[in-house]
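Heads up, the thing below is written out as structure tokens.
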Amino acid sequence: MSLLKIENLNVNYGGIQAVSDLNMHIEQGELVTLIGANGAGKTTTLKTITGLVKPKSGTLLYQDQDIRKTEVHKFVSQGLVMVPEGRGIFPKLTVVENLDMGAFYRKDKAQIQADIEYVMTLFPRLKERAKQLAGTLSGGEQQMVAMGRAILSKPKLLLLDEPSMGLAPIIVQQIFDIIQTVHKEGVTILLVEQNAKLALQISNRGYVMESGKITMADKADVLLNDPRILSAYLGG
Ligand code: ATP
């Protein structure tokens, strides 16, 4: 059983077909990257998985269940958690309050505090800024809060939309290190990235999306060495 299985997915915005006949599967424990140029349909794919955008047709199975009619607010409690592009943190709440929001659906209250401490060890910067309003943090720190909040919700499948967007290279490296750590601890991840090289280097498999269609799908190391990927996405 695939953790996530997408078959023949089509998504339209009015007359624009943003996703065409998309097929994708993610197995338990995998880290899978979806790469593609601006406007290829990557964000639309993630939004469709999490119910924010309704597909025109196709199958969406999560843990073998049809999720096309699942209400958006139910996904987090089912372990399907998205960190959106632009992060979606609560600017008027502190760092710790933001992290705590991630645990909103959890009942194991005693464990939550331990998990907040764990996130602070992953991101020592957040420990220093625990009481600071999240809206006053730098872009990289906000990304850390968004990821930390997602970790607090104990995801089974974590969808990350361009986590490196707009960040300095040193922060990008830290974010990718954390993605690897979270993956090694057992979270299955679908990573959407423009930073194709770094993303594929930490991934098991990758998909390439162009104009709404999947044009390549392979093991990450195969894609990293493919001349078409090299010239189009890796600056080679
Ligand atoms: P980027 O990396 O630039 O975010 P993307 O691969 O995530 O790109 P999408 O954001 O999914 O691409 O957009 C796919 C296509 O759908 C684009 O042509 C975009 O203009 C269009 N689109 C996205 N959102 C909407 C919307 N709400 N209404 C109309 N068209 C949209």
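The values are calculated or read from the model by the stated rules, or taken from the named source; none is laboratory data. Model, not experiment: these values are computed from the prediction. So basically every Cβ, Gly included, is an ideal-geometry build from the backbone, and we count neighbours across all protein chains shown. Accessible surface is based on the protein model in full, side chains and every heavy atom, while ligands, DNA and RNA are left aside. Shrake-Rupley method; radii C 1.70, N 1.55, O 1.52, S 1.80 Å.
Using only the Cα atoms of segment 15-119, build the gyration tensor, take square roots of its eigenvalues as a ≥ b ≥ c, and label the shape rounded, prolate or oblate: rounded if a/c is under 1.5, else prolate if a/b is larger than b/c, else oblate.
Cα axes put segment 15-119 in the prolate bin.
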DSSP beta bridge pairing in the chain, given as percent antiparallel to the nearest 5: 50
Using unit Cβ charges (K, R positive; D, E negative) and no other charged atoms, how large, in debye to the nearest 20, is the dipole of segment 145-236 about its Cα centre? 240
Please give every one of the lysines within straight-line cross-link reach of K5, meaning a C-alpha to C-alpha distance under 28 Å, and leave out same-chain neighbours fewer than 8 residues apart. K42, K47, K54, K56, K69, K74, K154, K156, K184, K197, K213, K219
Take S211 and D177, extend 7 Å from each Cα along the Cα→Cβ direction, and tell me the distance between the two endpoints in nm. 4.2
Extending each Cα 7 Å along its Cβ direction at M165 and Q78, get the distance between those two points in nm, one decimal. 2.4
Suppose R0 equals 41 Å. What FRET efficiency, 1/(1 + (r/R0)^6) with r the Cβ-Cβ distance, do E7 and L234 give to the nearest 0.05? 0.90
Place +1 on the Cβ of every Lys and Arg and -1 on the Cβ of every Asp and Glu in the chain, take the dipole about the Cα centre, and give the residue among F90, L191, V208 whose Cα lies farthest towards its positive end. F90
Separation in nanometres of the label points that stand 7 Å from Cα toward Cβ, at K197 and S20: 3.1
Taking the Cα centre as origin and putting +1 on Lys and Arg beta-carbons and -1 on Asp and Glu beta-carbons, what dipole magnitude results for the chain, to the nearest 20 debye? 520
Dipole of segment 1-144 (Lys/Arg Cβ +1, Asp/Glu Cβ -1, origin at the Cα centre): which of V81, L22, T33 lies farthest to the positive side? V81
Residue-normalised value, i.e. accessible area per residue, for segment 22-146 at 1.4 Å probe, in Å², stands at 48
Tell me, what % of the accessible area of the chain is carbon and sulfur with a 1.4 angstrom probe? 53
Can you give the angle from 0 to 90° between the axis of helix 109-122 and the longest principal axis of the chain, with both taken from C-alpha atoms, to the nearest 10? 70
Can you sort R228, R125, R87 by 1.4 Å-probe accessible area, starting with the largest? R228, R125, R87
Set the Förster radius R0 to 25 Å, insert the Cβ-Cβ distance between R106 and S138 as r into 1/(1 + (r/R0)^6), and round the FRET efficiency to 0.05. 0.30
Ranked order, F75, F104 - accessible area, probe 1.4 Å, largest first: F104, F75
Can you tell me the relative contact order of the chain? Whole percent, Cα pairs under 8 Å, sequence separation 6 or more. 27
Against the rule of thumb 2.2 N^0.38 Å, how large the Cα Rg of segment 141-231 comes out: 1.11
